[in-house]
Every structure is written in structure tokens, then in C-alpha cells.
Amino acid sequence: MLRQVAEGVLVHQSELLQNNTVVVQGREGVLLIDPGITSSEMDCLANDLGKLGQPVVAGFATHADWDHALWSARFGDVPRYGTARCAAYSHDLLSNAGWKARLARGLPPEIAEETPLDLFGLITALPAGTARIPWDGPQVRVIEHQAHAPGHAALLIEERGVLAAGDMLSDVFIPMLDVDGSADPIGDYLAALRLFDGVADGVDAVVPGHGSVGGADQLRARIDQDRTYLLALRDDQVVTDPRIGPSAKPGWEWVDDIHTGQAHRLAKKAERGGSTD
């Protein structure tokens, strides 16, 4: 189930939603980025890592959405890093009584019984401004921004030329905005794309949170595609995007609903005087 995308960097993809778990091999073990999403898939991943002969020495959650902050006891009791804002958001969620039942109600029904929540969201906050993951392996740069979710971060595995983008730069999902949590959701997303522009020359492979792994040419194309979508949304123009409408990938037609929903919420936000620039 593990696919190598660069020297010492492998990807494990879930069957539903095409979630990508990124495995970075270090000297003493591996860094596990966004493991998920069902118990059987995590068991498969643990078995594959066992065959590699490398334990998990650290984890990282790009953000605190349910499908990016999961964990299995088989990965061990190791630090599971995230940005300070991501960890704070997760802590607030877990501090509310009944959080597990509410989260479970929002899971896709196909996997609701198979999604392990006991270790969900136990994220170790990196100090604000931390530039790199503290571990004994290749240099992994933290690119924090406020697109999509509070404290979202992409990781650039600098020595391997791989960008683990979290819930961005997907070939199946349009940009998903933090409409309710951000004062300027489109502006925050455009700012994050500029950060990706700034590192693109050093990237040979981009791994989105969902969808297919792309090469250097795909990274540039996906940045441009996401920016075009956002500018059309911001300027109230007709949105044409291959990820929605009749050109959507078979089985992903429901992404239309995400687009329609966030366009409606942005319009309501503008009526209330919230910024969308």
C-alpha cells in the first residue's frame, strides 16, 4: 500500500476520500503526516512500516479536521506535532463534553463505524514560529498559514523536494475556505498560495491531503488553478473549474455542493460586512 514518491518519502492513500498519509523515513524511524482514515487502513500502514523495520518516532497533523488528526495505538505513544493554533483548536474541541458523539455524526456513513476516535486530536503544540520539525531525519520545514483551517500547515521535506500540502493543492477538491472562522477567508487562501509560490522551485512532488500526487509542473498548475477559482469567487464571476460541474472526476460530483455552499456563505458574509478581499 505504500508508494514511494521520492527517496525516503512514501505515501499511503485511503480508499474513501483519497486521503494521503505521508511517511518520511529518518535515521531511527519515520515521521507520520496525517495518518488515516479507518482502523483497517491504519493497521495496513502499521504492517507496512513493520516490514520496513522502522518504528514511528513522530507524527504531524497539518490541521485538526477529523480526517487529519487521527491516530492508532499501533503507531506508538510519540509526539504528534501541530502548529500552536492547530493544537489550541483541537484542545478546545476535546474540552467540550460530547465532542466524540458530535464528531461521529459528521463522519461519512460508509466508514463511521471504522474510524477510530479514541486518540483523535491529541496534538503536541509546536512553539509559535517553529520553522522545522524537531526530529532526527531530513529537514522538514513548517509552512504555516491560515487558509482552510486555523493553524493549517504544509510541510516541505527540503532534502527530498516534497511538499505535503494538507488540504490544499488537490486535483479533486476545490479550495475549501474557512468562511466562518476567518475574517478574510479568500485573502488568507491567496496568501497561502503565495507562500507555495515561494518554495515551488525546490519542489519535485506535491502530495495533497486528498487526490493524486503531482510533479513539479503539477504544483505550479494547481497553484494557478486554485488562484483562478478564488479570484472568480471573490470578484463574483462565473466559476469554471475542472473539479466541479460535468468535468468533475467520476465519484466526486458532490464537490459541486461544497462550491455552492461556500459561495452562498461568502455572499452572506459580505452582506453582513465581512471582508472577502
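Numbers at a glance
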read-out: Unique residue being closer than 27 Å to K268 by Cβ and either open to solvent by less than 60 Å² (accessible area, probe 1.4 Å) or assigned to a strand (DSSP E or B) (or both) when the list is D171, D180, D167; value: D167
read-out: Filtered residues of segment 25-59 (kept if under 19 Å from the mean Cα position of the chain (by Cα) and modelled with pLDDT under 95); value: G36
read-out: Boolean, L231 is closer than 20 Å to P150 by Cα and without any contact (Cβ under 8 Å) to a residue 60 or more places away in the chain; value: no
read-out: Near pairs, Cβ below 8 angstrom, 6+ apart or cross-chain, from segment 144-155 (touching a residue at least 60 places away in the same chain (Cβ under 8 Å) and within 11 Å of H68 (Cβ to Cβ)) to any residue that is of a type in the set (G, A, S) and open to solvent by 20 Å² or more (accessible area, probe 1.4 Å); value: A149/G181
read-out: Close pairs (8 angstrom Cβ cut-off, 6 or more residues apart or separate chains): part of a helix (DSSP H, G or I) in segment 255-277, of a type in the set (F, W, Y) and at pLDDT 95 or above anywhere; value: V255/F173; I258/F173
read-out: Meets criteria (open to solvent by 30 Å² or more (accessible area, probe 1.4 Å) and under 22 Å from H152 (Cα atoms)) for W71; value: no
read-out: Residue count, segment 139-161 (criterion: surrounded by 23 or more Cβ atoms within 10 Å (Cβ to Cβ) and among the polar types (S, T, N, Q)); value: 0
read-out: Leading residue by the ranking (farthest from D184 (Cα to Cα)) among those in segment 223-254 that are open to solvent by 50 Å² or more (accessible area, probe 1.4 Å), among the charged types (D, E, K, R) and in a helix (DSSP H, G or I); value: D224
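The values are calculated or read from the model by the stated rules, or taken from the named source; none is laboratory data. Since this is a predicted model, take the numbers as computed values, not measurements. With ideal geometry, Cβ positions are generated from the backbone for all residues, glycine too; neighbour counts draw on all protein chains shown. Heads up: the accessible areas ignore ligands, DNA and RNA and are worked out on the full protein's heavy atoms, side chains in. Shrake-Rupley method; radii C 1.70, N 1.55, O 1.52, S 1.80 Å.
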